Each structure stands twice: as C-alpha cells, then as structure tokens.
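> The structure follows.
The values are calculated or read from the model by the stated rules, or taken from the named source; none is laboratory data. This is a predicted model, so every value here is computed, not measured. So basically every Cβ, Gly included, is an ideal-geometry build from the backbone, and we count neighbours across all protein chains shown. Calculation scope for accessible area: heavy atoms of the full protein, side chains included, ligands and nucleic acids excluded. Shrake-Rupley method; radii C 1.70, N 1.55, O 1.52, S 1.80 Å.
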Amino acid sequence: MKVIENYKSGVETSNENLLKEVFAPQVRVEIPSGASANHPGSTASYILSQVAQAAPGIKCVLTADAGNDWYFLGFEGQIQGQTLQAVDQVHLSKDGKIDHLVIYMRPIPVAQTFGEAITQRLQPVR
C-alpha cells in the first residue's frame with residue numbers, strides 16, 4: 001500500500017515532505033509509556049522526520065496489515081551504540097491518510113535515551 005510505503009520511507013530518510021503526504025489534517029500520536037496528543041498533520045510530519053536524525057540508519061524490517069485499516073511497521077536502529085526496536089501501529093482514515101499513530105519502543109532504557117534525543121531535536125533554537 002502506497003501510504004504505508006511512503007510512511008516507511010519518510011521515517012527512514014527523514015523526509016518531512018513525504019510524511020506530509022501520508023498524514024491526515026489531524027493525527028493522534030500516542031506513546032503508551034509517555035505522551036499522547038492530537039497534532040496537525042504538518043507537526044506530526046516534522047516530529048516523525050526527526051526519527052532518523054536521532055537514530056541514524058533506522059530501517060523498517062516488517063510491515064503487516066492488522067485489519068480494520070490498522071497496520072504495523074517494525075523498525076530497528078541504533079542510538080548511542082545501543083539497539084532500538086520500535087513498532088508503529090498506524091490507522092488509515094476513510095481518505096487513506098494516517099490519522100492515528102501508536103509508537104511502541106524497546107528496550108526501555110534505549111527508548112528513554114531515544115526520547116531524550118528526540119526531545120532535544122524538537123526544542124526551539126535559542
């Protein structure tokens with residue numbers, strides 16, 4: 001499915017414009033161990049475009065259709081020499097755009113390191 005392939009590619013290559021094409025105008029982003037928020041599609045695109053910046057070389061190793069317009073994408077990468085695994089659970093709206101994203105990461109200490117790195121990347125420049 002093109003939307004899923006574009007999402008995967010956008011995350012792997014930090015392509016904010018490609019991610020803008022796949023997100024709905026409003027996107028619910030959830031991290032079970034952390035924050036959940038509704039973001040404009042452009043904000044979600046920017047946030048997800050920073051993933052490969054924080055974890056260079058991250059690659060999608062698995063995609064699966066979970067039914068009812070839900071898809072799973074499994075990613076693996078490294079941050080500060082430690083292996084990070086993530087599963088992105090995405091939902092497609094009736095328009096075929098991603099309107100809901102749930103991000104699971106493991107192991108927890110590496111996920112925390114990633115969270116700190118992405119938070120730093122998202123801070124405004126002073």
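> Kindly establish whether residue 92 is open to solvent by less than 60 Å² (accessible area, probe 1.4 Å), touching a residue at least 12 places away in the same chain (Cβ under 8 Å) and of a type in the set (A, V, I, L, M, F, W, C). Break it down into steps so the answer makes sense when it comes.
Numbers: open to solvent by less than 60 Å² (accessible area, probe 1.4 Å): yes; touching a residue at least 12 places away in the same chain (Cβ under 8 Å): yes; of a type in the set (A, V, I, L, M, F, W, C): yes.
Criteria met by residue 92.
> Given the criteria in contact (Cβ under 8 Å) with a residue 40 or more places away in the chain, in a strand (DSSP E or B) and β-branched (Val, Ile, Thr), does residue 103 qualify?
The answer is yes for residue 103.
> Answer with yes or no whether residue 86 is open to solvent by less than 20 Å² (accessible area, probe 1.4 Å), of a type in the set (A, V, I, L, M) and part of a strand (DSSP E or B).
Numbers: open to solvent by less than 20 Å² (accessible area, probe 1.4 Å): yes; of a type in the set (A, V, I, L, M): yes; part of a strand (DSSP E or B): yes.
Taking the combined requirement at face value, the residue satisfies it.
> Only residues that are at pLDDT 95 or above and in contact with an Asp or Glu (Cβ under 7 Å, 6 or more places away or on another chain): list them for the range 36-45, please.
Listed by number, the list holds a single entry, 45.
One line per residue, one yes/no per condition, for (1) farther than 16 Å from residue 3 by Cβ; (2) aromatic (Phe, Trp, Tyr):
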{"site": "15", "(1), (2)": "no, no"}
{"site": "34", "(1), (2)": "yes, no"}
{"site": "37", "(1), (2)": "yes, no"}
{"site": "45", "(1), (2)": "no, no"}
{"site": "79", "(1), (2)": "yes, no"}
{"site": "94", "(1), (2)": "no, no"}
{"site": "101", "(1), (2)": "no, no"}
{"site": "104", "(1), (2)": "yes, yes"}
{"site": "122", "(1), (2)": "yes, no"}
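> Mind checking whether some residue in the range 63-75 is at negative phi, assigned to a helix (DSSP H, G or I) and open to solvent by 20 Å² or more (accessible area, probe 1.4 Å)?
No, the conditions are met nowhere in the range 63-75.
> While we're looking at this one, here's another question. Over 19 Å from residue 8 (Cβ atoms) and touching a Gly at 6+ places or on another chain (Cβ under 9 Å) - does that describe any residue in the range 115-126? Reasoning before the result, please.
Taking the range 115-126 and keeping what is over 19 Å from residue 8 (Cβ atoms), we get 115-117, 119-126.
If we keep only those that are touching a Gly at 6+ places or on another chain (Cβ under 9 Å) too, we end up with 115.
Taking every residue of the range 115-126 in turn, at least one turns out to be over 19 Å from residue 8 (Cβ atoms) and touching a Gly at 6+ places or on another chain (Cβ under 9 Å).
> Looking at (1) closer than 21 Å to residue 108 by Cβ; (2) free of Cβ contacts under 8 Å to residues at least 60 places away in the same chain; (3) not polar (S, T, N, Q), can you tell me which one residue 30 breaks?
Exception for residue 30: condition (2).
> Consider the range 19-51. How many of its residues are assigned to a helix (DSSP H, G or I), farther than 19 Å from residue 117 by Cβ and open to solvent by 20 Å² or more (accessible area, probe 1.4 Å)?
The total comes to 3.
> Tell me whether the range 50-58 contains one or more residues that are modelled with pLDDT of 95 or more, under 12 Å from the mean Cα position of the chain (by Cα), closer than 14 Å to residue 10 by Cβ and among the hydrophobic types (A, V, I, L, M, F, W, C).
Looking for residues that are modelled with pLDDT of 95 or more, under 12 Å from the mean Cα position of the chain (by Cα), closer than 14 Å to residue 10 by Cβ and among the hydrophobic types (A, V, I, L, M, F, W, C), one finds at least one in the range 50-58, hence yes.
> For the range 96-126: of the residues being charged (D, E, K, R) and under 16 Å from residue 45 (Cβ atoms), which is surrounded by the fewest Cβ atoms within 10 Å (Cβ to Cβ)?
Applying the filter and picking the extreme gives 121.
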